[in-house]
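These notes are about the structure you will find just below.
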Amino acid sequence: MMRIVRIIGVVVVVLTAGYFVLPKPPVIDTATVFTGDLSADLSTTGIVEAELSDVAPRIASTVTKLLVQEGSIVRQGQPLALLTNLELQSQVDQAQASVSTAQEDLNRAEQAVQAQAKQSAAAIAGAKSVVRTSEAQLADIKKGARPQEIAQAQDAVRVAQVQSDKATSDLRRMKALYQGGAISTRDMDSAQSGADIAAANLNSSRERLDLLSAGPRSDELKAAASQVATARAKLADSDASLDAVKIREHEAAMARSQVRRAQAALQAAETQLGYAMVRSPFAGVIVRKHAEVGEMAAPQAPIFSLANLNGIWVTAEVDEEDIGALAPGQRVKITVAAYPGKQSEGAVVRISQIAEPKAVGRAQAKIVRAKIVITRQGFPLKPGMEVDVNGSVPVSKNAVLISNGALMQVGGKDQVFVVTEGRVSSRFVTAGLSNYDNTAIIAGLKPGERVATSMLDKLKSGDRVRVRR
């Protein structure tokens, strides 16, 4: 019994000594192999750029007033500077006077057209009326007397004959009475006068009947034809007055042309005067002033440089080995140390087709330039500002991934330590793409396995380890 006790005591002593003397297994960190999407990370710098435009006048003149300064934010069309314009204003005044004179001449010419047209119309209407009347008279004369007119003339002769016979009978009776002293001389003279008048009426009626019966005379026809010819000649003269109307209309047309020329000259003069006020071609900020008051400005000598802040972008310089983390349409974040905690956002719209050499200290590197448009401004972005650009682009989906800390190089090969039941075993793997955090494993590992991520340089295959909780 005592022997058994002594043996147990020896074992306890040995075990206790081994606990304090033998080396303890190292404590390591581990990570689990998993599947997921791998993104290539982009981290670079860029320069804020903007559309720059030199603002120069369209005419050569002296600067008389500057209305903005460097740093001024301006809107499109806002006046920026005023040039000397006394001579230009004088030209505008002269052009306005020419327009007024030309307009007055046009008014007079148009009034003359209206007056001439009325006069010609009245003359033509009167001449046409005379022609119609004379032609109607000639036609009547050529037709001769109508049967109704001859019958009326015959009736007039018969009536005149009856009246004449009665007057002659009354005269004979009055003469007998006069000789007998029954009537006065006055009564006798009255009877004689009545008989003479009746005889004259009879002769006149007979002559009219003879004329109507005989038809028109040649002299009447000639006179009527002459009147028609005269009337037609006057109508022709009246028609010729239309030429006078055309002359007046031509004069009015020339006056209108002169008005248009004067108005065009006025518009040109006003345009030149407007050029004396230099205006902003677009909304932006004045980034540089090139001229002072009293200095000469010209189309080749700008007064200001203007940046369009509505169209700013970032030109990023990406190392050629990081070009895989860059893609068209990629969303990126833009930050700057001057605005901690704030960020702007952008999108890659163009990637250069060439890699350009760039000196980095004494070394030569290759970079690729990318244009990034700003989609949201989280802080003021100013042309020339250097900014940090960060983003990522998916490069592999459903890949087997491990933490970069689990991978080491041994003899040019990728190796990991797989942790199983408190021991590590080395294993060579085939690594693929990686980013700042993880690496894709093409072959050699399965999801769910655990790999060591610390003390890799001190581990050997088969070592016992303790995993940090």
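Look through 163, 148 and report the one residue that is surrounded by 16 or more Cβ atoms within 10 Å (Cβ to Cβ), of a type in the set (S, T, N, Q), not in a strand (DSSP E or B) and not assigned by TED's automatic domain parsing to the domain that holds residue 292.
Numbers: 148 fails: surrounded by 16 or more Cβ atoms within 10 Å (Cβ to Cβ).
Checking each option against the conditions leaves just 163.
Applying the selection to segment 113-135, what residues are in contact (Cβ under 8 Å) with a residue 40 or more places away in the chain, within 20 Å of residue 229 (Cα to Cα) and not small (Gly, Ala, Ser)?
Of everything in segment 113-135, those that are in contact (Cβ under 8 Å) with a residue 40 or more places away in the chain, within 20 Å of residue 229 (Cα to Cα) and not small (Gly, Ala, Ser) turn out to be 124, 128, 130, 131, 133, 135.
Can you tell me which of 338, 327 is outside any strand (DSSP E or B), in contact with a strand residue (DSSP E or B) (Cβ under 6 Å, 6 or more places away or on another chain) and not aromatic (Phe, Trp, Tyr)?
Numbers: 338 fails: in contact with a strand residue (DSSP E or B) (Cβ under 6 Å, 6 or more places away or on another chain).
It is 327.
Would a scan of segment 58-71 turn up a residue that is at pLDDT below 90, closer than 28 Å to residue 310 by Cβ, in contact with a strand residue (DSSP E or B) (Cβ under 7 Å, 6 or more places away or on another chain) and small (Gly, Ala, Ser)?
yes
Look at segment 269-282 and say how many of its residues are more than 21 Å from the chain's Cα centre (by Cα) and in a helix (DSSP H, G or I).
So the count comes out to 4.
State yes or no: is residue 90 surrounded by fewer than 16 Cβ atoms within 10 Å (Cβ to Cβ) and within 20 Å of residue 273 (Cβ to Cβ)?
Working: surrounded by fewer than 16 Cβ atoms within 10 Å (Cβ to Cβ): yes; within 20 Å of residue 273 (Cβ to Cβ): yes.
Yes, satisfied.
Looking at segment 392-419 only, could you name the residues that are in a loop (DSSP other than H, G, I, E, B) and within 15 Å of residue 445 (Cα to Cα)? If you could, list the steps in order and put the result at the bottom.
Taking segment 392-419 first, the residues in a loop (DSSP other than H, G, I, E, B) are 407, 411-412.
Of everything in segment 392-419, just one residue is in a loop (DSSP other than H, G, I, E, B) and within 15 Å of residue 445 (Cα to Cα), namely 407.
Consider residue 50 against the criteria (1) hydrophobic (A, V, I, L, M, F, W, C); (2) surrounded by 13 or more Cβ atoms within 10 Å (Cβ to Cβ); (3) over 30 Å from residue 334 (Cβ atoms): it satisfies all of them except one. Which criterion is unmet?
Failing condition for residue 50: (3).
Where residues in segment 320-332 are modelled with pLDDT under 90 and surrounded by fewer than 16 Cβ atoms within 10 Å (Cβ to Cβ), which of them is farthest from residue 395 (Cα to Cα)?
320
The values are calculated or read from the model by the stated rules, or taken from the named source; none is laboratory data. Remember, it's a predicted structure, so these values are computed and weren't measured experimentally. Every residue, glycine among them, receives a Cβ derived from its backbone with ideal geometry; neighbour counts consider all protein chains shown.
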